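Notes for the one structure printed next.
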Amino acid sequence: MAWYRSGTVAVTNNSNVVTGTGTSWVDAVALGETFLGPDGQVYEITSIVSGTSLRISPNYKGATAGAQSYAIMPTQGYLRDLAAQAAALVASYQAVRDGAGAGKFPAGTAVAPSLRAAADENTGINLPGDDVLQLVTGGVARLTVAADGTPTGDVVTKAPVSTPQATAIAAVAAAAVPLAAVGPAPGQVPANQHLGAMAFMDEVGVLVPMAHQPTKLRSVWFEFVGNTSMKLCTRGDDGVVRSTTLSQV
């Protein structure tokens, strides 16, 4: 640690008072350090009154003089600094020990997640509150998992469709009845028919409903019997299916 030599001093023979000009002794000097006076003698600093006044022991032995050069030797500087640094380290370690050292992290925000990188502080894992977990990139919460496990955010809405999912969707679309095949015109399926898997293409390519029996009470449906007849069926309030055959002329 360098000796302190800023400014000049005025000293008085047989006095313990040293007056400085352009000095800052409160910040730069410590009790017990050595004052090297203009007379070449060494003295112990016993009191720091202000930035420009201190007291020494023994009393100054040289001649009274002003605007003199001097030096202060930091005989205790290294130990003092080491003690201060050790105290600061212990104080900071306690916070680390009780927090991150124990696997506990404070609640964060989207722009400063609870767990983030030193070089990318707006990306990481955030703990915004009780029972909530967030995945954050670029200062935006892309995935939020609620206490009941419900996920929300871009990760959910932008999730890619897997190959099996795409195949299943394509199969459903292929099996669906096109809107052009539904209506009152010849070769079309009546709009009030429930089709889905209950429909097929006949030998001339006409979409025809399969015979089926709805389970809902008071249901009404037609069943194909032949080229010139069909059966009108109903399920009554008692659950019994009743029918009558209609013939074409």
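Which of the residues belonging to the range 16-32 are surrounded by 19 or more Cβ atoms within 10 Å (Cβ to Cβ) and either part of a helix (DSSP H, G or I) or not assigned by TED's automatic domain parsing to the domain that holds T46 (or both)?
Answer for the range 16-32, where residues must be surrounded by 19 or more Cβ atoms within 10 Å (Cβ to Cβ) and either part of a helix (DSSP H, G or I) or not assigned by TED's automatic domain parsing to the domain that holds T46 (or both): just W25.
This table checks each residue for (1) among the basic types (K, R); (2) modelled with pLDDT of 85 or more; (3) in a loop (DSSP other than H, G, I, E, B); (4) not assigned by TED's automatic domain parsing to the domain that holds T12.
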position: L54; (1), (2), (3), (4): no, yes, no, no
position: A63; (1), (2), (3), (4): no, yes, yes, no
position: A95; (1), (2), (3), (4): no, no, no, yes
position: N122; (1), (2), (3), (4): no, yes, no, yes
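The values are calculated or read from the model by the stated rules, or taken from the named source; none is laboratory data. Since we're looking at a predicted model, the values are computed, not measured. A quick note on method: Cβ atoms are made from the backbone with ideal geometry, for glycine too, and the neighbour counts reach across all protein chains shown.
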